[in-house]
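Single-structure report; data block below.
The values are calculated or read from the model by the stated rules, or taken from the named source; none is laboratory data. Since this is a predicted model, take the numbers as computed values, not measurements. Virtual Cβ from ideal backbone geometry, glycine too; neighbours counted across all protein chains shown.
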Amino acid sequence: MLGLKLPTDPRWANVAKKNIEEILTDHAYCEQKAASTAISMIIGFPQFPELVSAMTDLAQEEMSHFKMVHDLILERGLVLGRERKDPYVIQLRSFFPKGGSKTDHLVHKLLCAALIEARSCERFRILSEELEDPKLRKFYRKLMISEANHYTLFLKFARDFGKSRDVVDQKWEALLDFEASIIKTLGDQETIHG
């Protein structure tokens with residue numbers, strides 16, 4: 001369903017299990033960044049009321065997820081660590097060239113967001129199956145479903161706003177291939193995408 005060209009390296013689950021504090025901190029910041037992305041789309045593309053409405057809801061949902069992760073961190077007697085850069089997202093966003101029309105920029109931003117959500121969905125599925133803590137397993141199963149919904153939302157908007165469905169789907173396939181080349185180099189870091 002997600003269309004990912006390369007699955008996560010199975011070793012990532014072991015890294016995640018041994019570094020759950022780091023995973024939770026990184027996850028919290030992923031949720032905050034997702035909310036920021038939604039807000040940036042509202043600011044950048046206010047001429048699309050349906051996008052603005054959806055991104056308003058999404059920003060609120062992502063911040064509620066941030067709170068849920070932060071609450072888990074506190075429950076475990078931990079504190080939220082420092083934010084770190086996400087090499088996966090940085091590399092993914094470098095795929096599309098700068099410039100072009102405002103609509104092209106929106107479509108590219110939506111496609112990148114869709115792929116980030118798809119990969120997060122896959123990683124949350126792994127956590128829901130591999131973690132030993134039943135509360136965390138249930139938590140990640142619930143969020144996996146949410147990420148899948150976000151992935152389809154972003155992809156739908158990209159197809160709605162693109163010049164044609166064929167052009168958007170070609171860009172999507174090319175981005176999926178590029179993402180597979182990125183994911184080959186990841187899987188050993190205690191981060192959601194690392």
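Of note:
- Taken over region 1-39, the criterion of being loosely packed, with under 15 Cβ neighbours inside 10 Å, more than 16 Å from L186 (Cα to Cα) and among the polar types (S, T, N, Q) is satisfied by S36 alone.
- The condition of being surrounded by fewer than 20 Cβ atoms within 10 Å (Cβ to Cβ) and either of a type in the set (A, V, I, L, M) or within 16 Å of the chain's Cα centre (by Cα) (or both) holds for K156.
- Count of region 128-141 residues which are in a helix (DSSP H, G or I), surrounded by 13 or more Cβ atoms within 10 Å (Cβ to Cβ) and either at pLDDT below 95 or of a type outside the set (A, V, I, L, M, F, W, C) (or both): 5
- Of residues in region 95-124 being at pLDDT below 95 and among the polar types (S, T, N, Q), the one surrounded by the most Cβ atoms within 10 Å (Cβ to Cβ): T103
- Selection within region 65-87 - small (G, A, S) and surrounded by 13 or more Cβ atoms within 10 Å (Cβ to Cβ): G81
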